[in-house]
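Chemist: Got a structure for you, questions after.
Every number in this text was worked out from the coordinates using simple rules, so none of it is lab data. Worth saying up front: this structure is predicted, and the values here are computed from it rather than measured. No Cβ is skipped: glycine too gets one built from the backbone with ideal geometry, and neighbour counts run over all protein chains shown.
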Amino acid sequence: MAGAGGGGVRDMDALEGVRSIVLKPSESLDEGRFTRIAGADFNDAGLGLPGLLASLATTGFQASNLGDAVDVVNQMLDWRLSHEKPREDCDEAELDPTYRESVKCKIFLGFTSNLVSSGIRDVVRFLVQHHMVDVIVTTAGGIEEDLIKCLAPTYRGEFSLPGTLLRSKGLNRIGNLLVPNDNYCKFENWIMPLFDQMLQEQSTENVWTPSKVIACLGKEINDESSYLYWAYKNNIPVYCPALTDGSLGDMLFCHAVRNPGLIIDIVQGKYKIDEWGSHSCNPKEDRDHSSWWRSTQASYMQRQYVSQWCRLCSLYQHSPRV
């Protein structure tokens, strides 16, 4: 009996040890720092799109990240210089309340080519059309895909389609998107005469920079479905540090062989965007270049990637140069 009693005590001690671990008392969470998780109430007839977007921050998982990104974008759109304390060394004009209220945040929009290949291109076009961004940084594919889509459509396919089979049919796969070779043929036929024209203009004017080339292409495509068209029309600069990449690079190479002499000054393009005081940090090579530009500035405030769900783009906030 004594042995049995001793075993019972040991079992109770073991149980208490387990309970102390599994049911360890919680520290209280400060609700000023931690948000309660709750989703959208679709029984609320007045929920609407603003309410749905506001609920994302409290939904949890990736939805909360998207909700945070929405909040940062709204801060960027709402920001005015008047929200900041005047610098000690600012001149008299900068102290004018009307002027300070008029100065908005400069917004850099960065994206890679796959987003333009997809239907997200139409979202980018909307932002540029309505002047909701100030500067664009993208890849060569982000340029050519916009132009090619004005000439011929892209189609939905499957991620699993084998490249060998597609190649035999003259088709190219971008994820689950299909682009016929004919699209690139149309692109070549459209752009080569423009390169000839640029070469002629170069003899009487300065050499080209990537942003000048892109503005010219946006002007000549003259298609309202193109974000490059709206960037040209709204005088929004588009920077592409790696303009010679992709199909566009192939076209430039072929033109150089057939009709040599066209010069595109990449370094001048870097200099121009540095004048904007870039504080952005974008995907792939546009991220690398704009990170370097950001590192040369002292007035960097904050950045925010907006890449949840569809990885639409990257938007960034920085203090304006005044």
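Chemist: Residue by residue, what Karplus-based ³J(HN,Hα) values in Hz, rounded to whole numbers, does segment 254-270 have, using 6.51, -1.76 and 1.60 with θ = phi - 60° and x for Gly and Pro?
Modeler: 4, 5, 5, 6, 7, 8, x, x, 5, 10, 10, 8, 5, 5, 4, x, 4
Chemist: Further, regarding this structure: Over all directions, what mean area does the Cα convex hull of segment 134-265 project, stated in square nanometres?
Modeler: 8.6
Chemist: Once amide H atoms are placed 1.01 Å from N in the peptide plane, what residues at a sequence separation of 5 or more from Val137, or on another chain, have their amide H within under 5 Å of its amide H?
Modeler: Result for Val137 returns Leu109, Gly110, Phe111, Tyr239.
Chemist: Amide H neighbours of Asp245 under 5 Å, counting only residues 5+ apart in sequence or on other chains, H built in-plane at 1.01 Å?
Modeler: Excluding prolines and chain starts, which carry no amide H, the hits are Ala140.
Chemist: Could you pull out every residue, at least 5 positions away or on a different chain, whose amide H is within less than 5 Å of the one on Thr154? Hs are placed 1.01 Å off N in the peptide plane, and Pro or chain starts have none.
Modeler: none
Chemist: Let me ask you something else. Please compute the modelled spin-label separation between Asp30 and Val207, points set 7 Å along Cα→Cβ, answer in nm with one decimal.
Modeler: It is 5.8 nm.
Chemist: Rounded, prolate or oblate: pick one for segment 14-168, where a ≥ b ≥ c are the square roots of the eigenvalues of its C-alpha gyration tensor, a/c under 1.5 means rounded, and failing that, prolate if a/b is larger than b/c, else oblate.
Modeler: Judged from the Cα gyration tensor, segment 14-168 comes out oblate (a/c at least 1.5, b/c at or above a/b).
Chemist: Still on this model: Using packing as a proxy for protection, rank 103-112, 194-203 so that the peptide with the highest average count of other Cβ atoms within 10 Å comes first.
Modeler: The packing order, highest mean first, is 103-112, 194-203.
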